[in-house]
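Here the structure comes first, spelled out in structure tokens, and everything after it is commentary.
Just so you know, all these numbers are worked out from the coordinates, no wet-lab data involved. These numbers were taken from a predicted model, which means no experiment stands behind them. Cβ placement follows ideal geometry from the backbone for every residue including glycine, while neighbour counts extend to all protein chains displayed.
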Amino acid sequence: MPTYSYRCTACDNAFDIHQQFSDASLTECPSCGGQLRKVFGNLGVTFNGTGFYRNDSRSASKPVSSTTASDSGGSSSGS
């Protein structure tokens with residue numbers, strides 16, 4: 001079950017509660033009866049390993065071997 005953080009807009013009371021995805025969001029502060037707002041924080045996600053970036057999934061760049069006109073198709077001198 002996920003944990004949601006709430007903070008009251010009237011009294012600044014903050015608390016966490018376990019709720020199912022199908023449960024409705026809380027709207028009333030249990031302390032003062034004021035309006036509650038969900039608090040969204042940073043997620044603790046770390047991507048370790050290879051393949052998470054475009055350059056990680058590719059093999060090392062190889063130099064392109066280009067043949068010049070003089071190497072492959074110049075004039076033939078054997079005829």
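Quick rundown of the values:
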{"quantity": "The stretch 16-31 - phi-based ³J(HN,Hα) in whole Hz, Karplus 6.51/-1.76/1.60, Gly and Pro as x", "calculated": "10, 9, 7, 9, 7, 5, 7, 6, 6, 5, 6, 10, 10, 5, x, 7"}
{"quantity": "Estimated distance in nm for a label pair at TYR4 and PHE21, the labels positioned 7 Å out from Cα along Cα-to-Cβ", "calculated": "1.4"}
